[in-house]
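Chemist: This is the structure I have questions about; it appears just below.
The values are calculated or read from the model by the stated rules, or taken from the named source; none is laboratory data. It should be emphasised that the depicted structure is a prediction, and the values quoted were computed from it without experimental measurement. A quick note on method: Cβ atoms are made from the backbone with ideal geometry, for glycine too, and the neighbour counts reach across all protein chains shown.
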Amino acid sequence: MSGERVKILTGNDLLTGDVTWWTGNGWSRHIADAAPVGDDATQIAQSEEADRKVVGAYVIDAQSDAEGLRPAHIKERIRALGPTVRLDLSLRPNDPAASAWIA
Amino acid sequence: MPMYQYDTHDQAMVDARVAEFSDQVARRLAGTLSEEQFRPLRLKNGLYLQLHAYMLRVAIPYGTLNSRQMHMLGDIADKYDRGYGHFTTRQNIQYNWIKLEDTPAILADLASVGMHAIQTSGNCIRNTTADHFAGAAADEVADPRPYAELLRQWSTFHPEFDYLPRKFKVAIIGSDTDRAAMRLHDIGIQVVKNDAGETGLKVYVGGGMGRTPMIAPVIREFLPPLQMISYLEACLRVYNRYGRRDNKYKARIKILVHEIGADEYRRQVEEEFAHILTLGLEPPPAELERIKGFFADPAFDTQSADTIDRSDPDFALWVDQNVHAHKAPGHAIVTVSLKPAGGIPGDASADQIRLLADLARDYSFDELRVTHAQNIVLPHVRKADLYAIWQKLDAAGLANANLDLIGDIIACPGLDYCSLANARSIPVAQKISERFADPARQAEIGELKLKISGCINACGHHHAGHIGILGVDRKGTENYQLLLGGSEGADTSLGTIVGPGFSEDGIVDAVEKATQVYLDRREDGERFLDTYRRLGVAPFKEAIYG
């Protein structure tokens with residue numbers, strides 16, 4: 001895997017349970033909006049959880065390149081996309097390349 | 001209808017729980033409960049946070065539903081989820097896309113039809129499972145459902161067993177044909193009759209799957225049914241006292257029974273049992289009789305035709321595979337396979353769920369069962385109605401004639417949904433069912449139970465598959481191990497890993513090679529499992545890895 005290795009912050013929305021990604025000033029359902037985090041990730045997670053914006057926030061490894069952000073582990077790639085067996089329910093329902101992005 | 005009906009106590013308990021959880025959700029949303037405080041409360045109500053969203057697991061006691069309840073499950077799928085539900089290997093249903101703020105309303109809807117999600121998570125006694133043909137099967141010795149219902153009432157909100165070392169699962173059957181994987185449960189109970197014709201319970205303790213699979217040994221050969229509660233109280237009490245709480249991987253009762261031995265465990269249980277009998281914990285005999293009254297046979301039309309018109313070949317194929325003998329003349333048991341080729345095992349759309357509810361109402365005395373193999377049973381159908389039922393199932397994509405064949409795959413949600421999973425299960429099931437989609441090919445192979453788990457927790461029962469598949473994480477890549485020789489029936493056995501793992505496509509090829517060895521080497525009347533047991537692993541290993 002090529003590209004710059006970065007760390008990004010993820011969790012689930014308290015109300016909906018949706019997978020969310022820290023954008024630097026809020027949360028987005030789309031990993032493309034995620035912003036790299038540094039040593040302040042734990043502080044951000046605690047603060048956002050206390051404000052009930054997110055549940056169970058944690059930091060993951062990802063690669064950043066011209067294609068965008070791609071989590072290092074398949075579990076996080078599936079979280080970012082949605083169930084690979086129901087792409088109609090995923091965040092990329094009309095993208096035939098979505099499955100390849102997981103692999 | 002021949003099933004238990006809530007009395008005012010049952011309904012009041014469920015309604016009170018809805019009110020309690022509604023308040024807890026409101027406090028969580030208002031910030032007066034932290035996630036750390038709220039998490040055990042939501043789990044006690046079956047609400048998990050999974051890979052993509054909240055998941056709600058709804059209890060279906062011993063897998064039994066009436067049409068109104070089933071209809072509600074379909075409506076919930078539409079109203080609060082994304083139009084489908086997933087029937088599980090514990091005879092329950094799960095919804096994958098639940099919003100926290102909707103859960104009080106969902107639980108209220110469930111309570112309106114006598115259902116709930118209580119004790120579908122946590123280290124407590126979970127939903128009791130049972131033979132899905134109970135009260136209908138021609139081979140039944142005695143109906144296990146009254147005992148299952150008594151267990152439900154005993155175990156629900158049992159304060160002493162609310163914080164066990166680990167979760168606890170009970171299964172009960174009433175015939176020699178084990179259709180509930182009974183010996184692979186923490187406690188398995190078989191209703192039996194002795195030489196004098198008296199009904200009793202044969203009790204097995206210490207079975208399970210997971211990372212340390214074990215087959216439960218017999219702990220009591222014959223227990224008077226009216227002592228069931230006291231005896232199980234003793235079984236649980238010994239476990240609660242000595243089960244390990246320092247290591248979650250060694251906390252199940254199977255580890256305790258294995259480490260101290262069945263004889264010592266039995267001795268301790270008997271000692272405790274003798275003490276508990278003095279306490280008078282058993283329900284009065286009249287209560288068991290009251291419960292039995294709910295499960296009296298419906299008014300079977302025994303004058304109905306006992307023959308089936310098999311002139312439609314597709315229908316005949318379905319009858320041969322998915323219809324079983326009923327105890328009443330002129331009747332049959334229908335199993336609706338939720339395993340279309342290339343489909344997701346156990347998933348059903350809201351429309352399909354409601355159709356099944358309607359079929360139960362119109363043709364099966366208002367009753368359905370969920371099987372641990374993730375299928376649906378219409379337990380009491382007139383043979384004269386089979387063709388009409390089949391036509392309606394066929395129109396809805398539910399006439400898959402593959403019960404117990406290689407296409408009837410058990411698969412856990414795997415890494416597509418489950419936060420514990422290491423690998424995806426469903427895509428493997430889809431590829432295998434597509435590879436073997438030809439009905440003639442499936443029929444030629446015959447009975448072959450294939451089970452897939454996406455992690456060592458074994459929700460897909462891979463240890464008990466004639467062919468089992470275990471998904472593992474190998475350095476961040478999905479890898480699949482092949483197991484052969486497992487069984488969950490009366491001949492319960494645990495599968496063994498054949499060799500190194502495979503990629504997703506590789507495991508499909510390996511399954512095909514294993515079936516080819518069987519076809520080449522089988523003797524008359526042998527199932528895949530029989531041939532494997534006769535030949536051993538060597539020829540299969542050679543074909544797969546050679």
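Chemist: Being touching a Phe, Trp or Tyr at 6+ places or on another chain (Cβ under 6 Å) and at pLDDT 95 or above narrows it down to one of B:F315, B:F222, B:F300, so name that one.
Modeler: Result of the check over B:F315, B:F222, B:F300: B:F315.
Chemist: On the given criteria, is B:A251 closer than 26 Å to B:T89 by Cβ, among the small types (G, A, S) and either crowded, with 16+ Cβ neighbours inside 10 Å or touching a Leu at 6+ places or on another chain (Cβ under 7 Å) (or both)?
Modeler: Judged against the criteria, B:A251 is a match.
Chemist: Just to be sure before I move on: is B:K202 charged (D, E, K, R) and surrounded by 19 or more Cβ atoms within 10 Å (Cβ to Cβ) in the structure I sent?
Modeler: So B:K202 fails the test.
Chemist: Among A:A62, A:A72, A:A41, A:A57, which is the only one that is under 28 Å from A:A103 (Cα atoms), within 10 Å of the chain's Cα centre (by Cα) and hydrophobic (A, V, I, L, M, F, W, C)?
Modeler: A:A62
Chemist: For the range B:511-521, state whether one or more residues are without any contact (Cβ under 8 Å) to a residue 24 or more places away in the chain and in contact with a Lys or Arg (Cβ under 9 Å, 6 or more places away or on another chain).
Modeler: Yes.
Chemist: Let me ask something else about it. Which condition number does B:A19 fail, the rest of (1) without any contact (Cβ under 8 Å) to a residue 60 or more places away in the chain; (2) more than 30 Å from the chain's Cα centre (by Cα) being met?
Modeler: (2)
Chemist: Which of the following residues is within 13 Å of another protein chain (Cβ to nearest Cβ), of a type in the set (S, T, Y) and either within 25 Å of the chain's Cα centre (by Cα) or over 30 Å from A:I74 (Cβ atoms) (or both): B:Y6, B:Y54?
Modeler: B:Y54
Chemist: Hey, another quick one. Is it the case that the range B:424-435 has a residue that's touching a helix residue (DSSP H, G or I) at 6+ places or on another chain (Cβ under 8 Å), more than 14 Å from every other protein chain (Cβ to nearest Cβ) and assigned to a helix (DSSP H, G or I)?
Modeler: Yes, the range B:424-435 contains at least one residue that is touching a helix residue (DSSP H, G or I) at 6+ places or on another chain (Cβ under 8 Å), more than 14 Å from every other protein chain (Cβ to nearest Cβ) and assigned to a helix (DSSP H, G or I).
Chemist: Something else now. Only one of these is closer than 19 Å to B:D347 by Cα and free of Cβ contacts under 8 Å to residues at least 24 places away in the same chain: B:R57, B:R82. Name it.
Modeler: Exactly one of B:R57, B:R82 is closer than 19 Å to B:D347 by Cα and free of Cβ contacts under 8 Å to residues at least 24 places away in the same chain, namely B:R82.
Chemist: Based on this model, can you work out whether B:L483 counts as loosely packed, with under 15 Cβ neighbours inside 10 Å, among the hydrophobic types (A, V, I, L, M, F, W, C), outside any loop (DSSP other than H, G, I, E, B) and modelled with pLDDT of 95 or more?
Modeler: No: the conditions fail for B:L483.
Chemist: Another question, if that's okay. Could you list, in sequence order, all residues of the range B:436-459 that are out of contact with any helix residue (DSSP H, G or I) (no Cβ under 9 Å at 6 or more places or on another chain), in contact (Cβ under 8 Å) with a residue 60 or more places away in the chain and either within 14 Å of chain A (Cβ to nearest Cβ) or small (G, A, S) (or both)?
Modeler: B:A437
Chemist: Moving on to the next point. Looking only at residues in the range B:112-152 that are touching a helix residue (DSSP H, G or I) at 6+ places or on another chain (Cβ under 7 Å) and assigned to a helix (DSSP H, G or I), which one is nearest to B:A16 (Cα to Cα)?
Modeler: Only one residue tops the list, namely B:R152.
Chemist: Next question, about the same structure. How do the strands (runs of 3 or more DSSP E) wholly within the range B:288-369 filter down when requiring 3 or more residues that are touching a helix residue (DSSP H, G or I) at 6+ places or on another chain (Cβ under 9 Å) and buried (at least 21 other Cβ atoms within 10 Å of the Cβ): which remain?
Modeler: Ranges flagged: B:331-336.
Chemist: Regarding B:A148, is this residue crowded, with 24+ Cβ neighbours inside 10 Å, modelled with pLDDT of 95 or more and touching a Lys or Arg at 6+ places or on another chain (Cβ under 6 Å)?
Modeler: Judged against the criteria, B:A148 is not a match.
Chemist: Let me ask something additional. Which of (1) buried (at least 24 other Cβ atoms within 10 Å of the Cβ); (2) closer than 18 Å to B:L236 by Cα; (3) in contact (Cβ under 8 Å) with a residue 60 or more places away in the chain is the odd one out, the single condition B:A171 does not satisfy?
Modeler: (3)
Chemist: Across the range A:75-86, which residue is nearest to B:P413 (Cα to Cα) among those that are under 17 Å from the mean Cα position of the chain (by Cα) and free of Cβ contacts under 8 Å to residues at least 60 places away in the same chain?
Modeler: A:P83
Chemist: B:R68: charged (D, E, K, R), surrounded by fewer than 20 Cβ atoms within 10 Å (Cβ to Cβ) and without any contact (Cβ under 8 Å) to a residue 60 or more places away in the chain, yes or no?
Modeler: no
Chemist: Moving on. Mind listing whichever residues of the range B:511-546 are at negative phi, modelled with pLDDT of 95 or more and not in a helix (DSSP H, G or I)?
Modeler: Correct list: B:R522, B:E523, B:D524, B:E526, B:R527, B:V537.
Chemist: When you scan the range B:392-407, do you find a residue that is crowded, with 21+ Cβ neighbours inside 10 Å, within 14 Å of chain A (Cβ to nearest Cβ), over 16 Å from B:V511 (Cα atoms) and out of contact with any His (no Cβ under 8 Å at 6 or more places or on another chain), even just one?
Modeler: For the range B:392-407, residues crowded, with 21+ Cβ neighbours inside 10 Å, within 14 Å of chain A (Cβ to nearest Cβ), over 16 Å from B:V511 (Cα atoms) and out of contact with any His (no Cβ under 8 Å at 6 or more places or on another chain): absent.
Chemist: Out of A:A103, A:A50, A:A98, A:A72, I need the residue that is within 10 Å of chain B (Cβ to nearest Cβ) and within 16 Å of B:P427 (Cβ to Cβ). Which one?
Modeler: None of the others qualify; the one that does is A:A103.
Chemist: Let me spell it out: the conditions are (1) assigned to a loop (DSSP other than H, G, I, E, B); (2) small (G, A, S); (3) out of contact with any Gly (no Cβ under 6 Å at 6 or more places or on another chain); (4) within 10 Å of another protein chain (Cβ to nearest Cβ), and B:A421 meets all of them except one. Which number is the exception?
Modeler: (3)
Chemist: Hey, can you tell me all the residues within the range B:73-104 that are among the hydrophobic types (A, V, I, L, M, F, W, C) and within 14 Å of chain A (Cβ to nearest Cβ)?
Modeler: Across the range B:73-104, the qualifying residues are B:A77, B:W97, B:I98, B:L100.
Chemist: Among the numbered conditions (1) within 14 Å of chain A (Cβ to nearest Cβ); (2) farther than 30 Å from A:P83 by Cα, tell me where B:M13 comes up short.
Modeler: Condition not satisfied by B:M13: (1).
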